[in-house]
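Read through the structure below, which is laid out as C-alpha cells, and then see the notes.
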Amino acid sequence: MLTASRPGWRPGPHITATLDGVTSSAVALPVVAAVTLSSIAVTPATPGIMVTGSTIQFDTVGTYSDGSTADVSSQVTWNSDMPAAVTISSTGLASAVAAGTANITATMDSVTSNTVQLIVEDVTSIDVEPANPANLAVGATQQFTATATFTDGSTEDISSQATLVSDTVATATISSTGLATGVAA
C-alpha cells in the first residue's frame, strides 16, 4: 500500500466501472513522479594516448532523477567529433584511425554525457626494458615492458597493447603480459 510518506507519491483518482446502474467498488490509482534520465557518465573518463590501430571499449552509466543508476551502454548513441582520427561503433568501441584528437560523447533521451578526449599518436619507436637483462636460468622468469615514443616526443608504457614475442621459443617463451620464461639453455 502506498502512503503519503513515499517520495513522489500523489493521491490519485479512484477508478470505478458502471453498467446498468451497478457500480464497482473504487480502486485507488496512486500517481508517482516520472523517473527521467538526469546524466550519463562515460568510462574510462581519461583513457590516455591511443596508438594508431588500437581500440578501447567505453561504457556508460546513467543516473536517473530518483538517484538510481543503470548501465545504459547498449541504449546510448555514440559520437566522435573527429572520425578521421577516431571512429566509435554503436557498442562503444573506439578505434584509432590516424593521428589526431577526437572528443567522444554518448547521448540518450536528449541527455549528453561527459566528453572524453582521445589523443591518437603515431609511434616513432618502441623500447623493450630491461634492455640488457641478466642471464635467464631454465625455469626462471623475467618481466619485460614496452615503452612507446610518439610523434610529439611523449612516452607511454604500452605493454598491455603491444605484442611481445620471442624469436626462439625453444629457448625462452614470453606471455601476453611480457613475462619471459627460460625453457632450455
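In table form, for the structure just shown:
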| item | result |
| --- | --- |
| Ratio of Rg to Rh over the chain (Cα coordinates, Kirkwood Rh, two decimals) | 1.32 |
| At 1.567 mPa s and 4 °C, Stokes D of segment 112-160 from Kirkwood alpha-carbon radius, µm² per second | 96 µm²/s |
| Computed over the chain: relative contact order in percent, which uses C-alpha pairs under 8 Å that are six or more apart | 14 percent |
| Equivalent-ellipsoid semi-axes of segment 82-142, from the Cα gyration tensor, Å, largest first | 40, 16, 9 |
| Computed log₁₀ I(q)/I(0) - Debye formula, equal Cα scatterers, no solvent, segment 90-185, q 0.17, 0.19, 0.21, 0.24 Å⁻¹ | -0.84, -0.94, -1.04, -1.21 |
| Centroid-to-centroid separation of segment 17-42 and segment 123-148 [C-alpha atoms, Å] | 66 Å |
| Cα pair distances exceeding 14 angstrom across segment 45-98, given as percent | 58 percent |
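Computed from the coordinates by the stated procedures, all read-outs in this text should not be read as laboratory data. Nothing here was measured: the structure is a model prediction, and the numbers come from that model.
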